[in-house]
Amino acid sequence: MPPTWRARDGEVSGLSGSDLASIRTAATALSPWAHIATVGRDGHPDVVPVHPCWEGDAIWIMIGNDSVKAKNVRHNNHVALHWQVTEKGDGVEIWGTASLHSDPETKRRLWTGVFDYDLDLFAPGGPDNSPDTGFMRVDPYRALHLPAYGMGGRFEWRA
C-alpha cells in the first residue's frame, strides 16, 4: 500500500502532498537545522541540534563516531527529528530507524555530493583522514506536518 497523508478529519489530503518528497520539501523549507532525539542505554533521552541533509528518502547527519548520538543509536536505533516551528506555527517531525556508517566509500560519496555545507570545516582531514568522523543515516517510517500548530491541518505519512 503506498504511503498517504491523512488530514485531521481522516480524509486523504493533497494539501501537503502524498509522498515522502512532500514532507522533505516541508522540512527543508522550515530550516536547515533540526533537533534529533535519541535514547541512551540508561533509558534517558538526549536531544541535540543537527544539520540533516537528504539523499532521496534517506536523511544523513555527520557525526562523531564516539558521540553521544552514535553511542545511543548503537543501543537503540529508533530516533526522532524535529524541525523548528516557524513564527506561523508550522512544524515537521520525522521518526525513523538510524544506522551508523564510517566506511571510506560512504564517507567519500557523502562528502562530495549530499551535504549543503563544507564538511572540511568540521573534519579537516576529509573523508580519508578523519577516522573519528562518520555519518548517521535515518530511514523514515513516520512523518508529521502540522501547519499553524495543527490548526491548518494534520498531515501524517507512514511507510
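Read the figures in this text as sums done on the coordinates, not as results from a lab. This structure is a prediction, so every number in the text was calculated from the model and none was measured. For neighbour counting, all protein chains shown are included, and Cβ atoms are generated from backbone atoms with ideal geometry for every residue, glycine included.
Observations
- Longest DSSP-loop-exposure-free segment, trypsin sites (Lys or Arg not before Pro), the chain, at most 12 other Cβ within 10 Å: 89-159
- Per-residue ellipticity at 222 nm, computed for the chain from helices alone with -39500 (n - 2.57) per DSSP H run of at least four residues, works out to -5500 deg cm²/dmol.
- Only Lys, Arg, Asp and Glu carry charge here, each on its Cβ (+1 for the first two, -1 for the last two); on that basis the stretch 109-159 has a dipole of about 460 debye about its Cα centre.
- Pairwise FRET efficiency - L100 versus T25, Cβ, R0 = 35 Å, nearest 0.05: 0.85
- Top of W111, W83, W95 by mean-square fluctuation, Gaussian network on the chain, Cα under 10 Å: W111
- Within the stretch 53-153, the GluC sites (Glu not before Pro) that combine a DSSP coil assignment with at most 13 other C-beta atoms in a 10 angstrom radius are E87.
- A Förster distance of 25 Å, applied to the separation of the beta-carbon atoms of A58 and T112, puts the FRET efficiency at 0.90.
- Between H44 and A159, the FRET efficiency estimated from the beta carbon spacing at R0 = 22 angstrom works out to 0.20.
- For the chain, built as a Gaussian network whose Cα springs stay under 10 Å, the top-fluctuating residue of P124, P147, P49: P124
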